[in-house]
1. Taking 7 Å along the Cα-to-C-beta vector as the label spot, tell me the residue A:21-residue B:136 distance in nanometres, rounded to one decimal.
2. Based on the Cβ-Cβ distance from residue A:199 to residue A:274, what FRET efficiency comes out when R0 is 45 Å, to the nearest 0.05?
3. Of the listed peptides B:115-127, A:75-87, A:107-119, what is their order by residue-averaged count of other C-beta atoms within 10 Å, with the highest listed first?
4. Taking the C-alpha atoms of the protein assembly as shown, how large are the radius of gyration and the largest Cα-Cα span, Dmax, in Å?
5. Once you order the gyration tensor axes a ≥ b ≥ c over the Cα atoms, which shape class does segment A:63-129 get: rounded for a/c under 1.5, otherwise prolate or oblate by comparing a/b with b/c?
6. Quick one: divide the alpha-carbon radius of gyration of segment B:122-254 by 2.2 N^0.38 Å and tell me what you get.
7. Take the alpha-carbon centre of segment B:151-183, take the same for segment A:221-276, and report the distance between them in whole Å.
8. What are the trypsin sites (Lys or Arg not before Pro) within segment A:176-256 that DSSP puts in a loop, where the Cβ has at most 12 other Cβ atoms within 10 Å?
Amino acid sequence: MAAPATSPPGSTPIFRRKWQLPFPLNIYQSSIGRKWVMALTGIGLLGFVVVHMIGNLHIYEGPVQSHEYAESLRSLGGGLMPRTFLLWVLRLGLAGMFVLHIHSAYSLKERSRKASDKADFIGGEKKYHSKRDYVAANYASRTMRWTGPIILLYLLFHLADLTWGWWLGDNYVLGDPYHNVVASLSNLPVAIIYVVANVALVIHIFHGTWSLFQSLGINNPKYNELRRTLAKLVAGVILVGNLSFPVLVQTGLIDDDNRTCDVGDVTCLEHQAEKH
Amino acid sequence: MSRELNLTLQIWRQEGPHDDGHFETYAATGISEDMSFLEMLDIVNEGLIQDGNVPIEFDHDCREGICGTCSLMINGQAHGQEKATTTCQLHMRKFNDGDTIVVEPFRARAFPVVRDLVVDRSAFDRIIEAGGYISVNTGAASDANLTPVPKEASDTSFDAAACIGCGACVAACPNSAAQLFTSAKLAHLNLIPQGQPQRFERTESMVETMESFFGSCTNHGECHEACPKEISLDFIAFMNRDYVKAKVKNRKLAGQT
């Protein structure tokens, strides 16, 4: 074959760094650094999901213990700092991790899309003109860019539902999380949203838990097999824990019957919690 | 007597880098099962030339599976469905009589199509130029075993050095990332004593060159499956670790290690 008369554009960089930021921000300029940030914030967010799920198990103890748990979150830090101060620090930290996690994911997706042929806009995945045969990529890894936005939408829904009580209206009682959860999840469409979103969350976590080890370079043939096992374990525990709430409310195993305090009587809950 | 195959080929034809390509259908008849995939294409090309048509352009060189020149997405898989095999070592006995085979070039924006199935993979050369070497003054040959190398390190370095730079990893990657190639080239030198003096400088420079051409890894693992030399994903983790280490280090004080 004769050499092409003009050299094809194969050696022209697609991405150029306009400037180098000072350390440590320059780490975030690289894809690998961004994957580190995605992994580290992923660990933080995963920690939150696990703790949130475990904390929610107080529902099974009843309205008084649920109230007590919610109150203990607000008074984190004891007498050392103002009430809800530490809670707000944690909340802002979480929000910051969310922003970084989403920004790194979105910007890397864009980079991959621009580096690819025929990539679709949202998934950013390269397409071939013929049918592509995937071997190793599993459902979880290929849907990260779909489950991610689903989780974000669900998060906003969840906050509006149980933190701000937008549509529960008068049925939303500040200080009675047990009742709020029952009131929200006894509505079938809402319960279905919770189930679907949590399945998406678990799929996301399944790939993320394994992937973060690779991104951070935590790799050793001695324990590499355990990384998949851990991902399955974490995903499984979160799946069972989080799905149990909508399922048990729907089946009527958790309900507002047999309460020692009336719905809306937060003072009663406080008294009971003190006695407890 | 070896079996003979009659196949239908759907092959990507493209005049040049800036032209729109399209699939064309060819019949490959009387193909011996002992032929390699490239020999089968040679037969098809012979027919095309005899009929006065333009033959299909494809990359090939050693045809022994060690040079990394051949490429091709065969039925949606880089180098075909056979594991740990380059296209030139893929034999027609792996196909059945009457099969339809779809052949497309490797794709990524950094791998522009030159013509038909030939792509320009010179972006890989840019990555190698950025640090895929060691700088030593050559002189008289030194004694063998002058530099002690741990057996495990030399074995793993050799596993990484098996990379032939064919680009199947990029072709298979849904993100068009070149992490497997770059990490193999890095591990090849970074694992052994001879590579230590420039280890972190090399890592920084090769990774940043890679990132100016290719997408970002999402840990699917498709590259490893497509790799004709079965380069391990472990090298990608090793590169991720070394890159951030390189950024954090002050090499004036810490030297290279």
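1. The two pseudo-label positions are separated by 4.0 nm.
2. Calculated transfer efficiency: 0.70.
3. B:115-127, A:107-119, A:75-87
4. In Å, with Rg to one decimal and Dmax whole: 28.7, 97.
5. Cα axes put segment A:63-129 in the prolate bin.
6. 1.06
7. With segment B:151-183 and segment A:221-276 each reduced to a Cα centre, they are spaced 45 Å.
8. A:222
Every read-out reported here was derived from the displayed coordinates using simple, explicitly stated rules and does not represent laboratory data. Only a predicted model underlies this, so the values are computations on that prediction, with no experimental measurement involved. Neighbour counts are summed over all protein chains in view; Cβ atoms, including those assigned to glycine, are modelled from backbone coordinates with ideal geometry.
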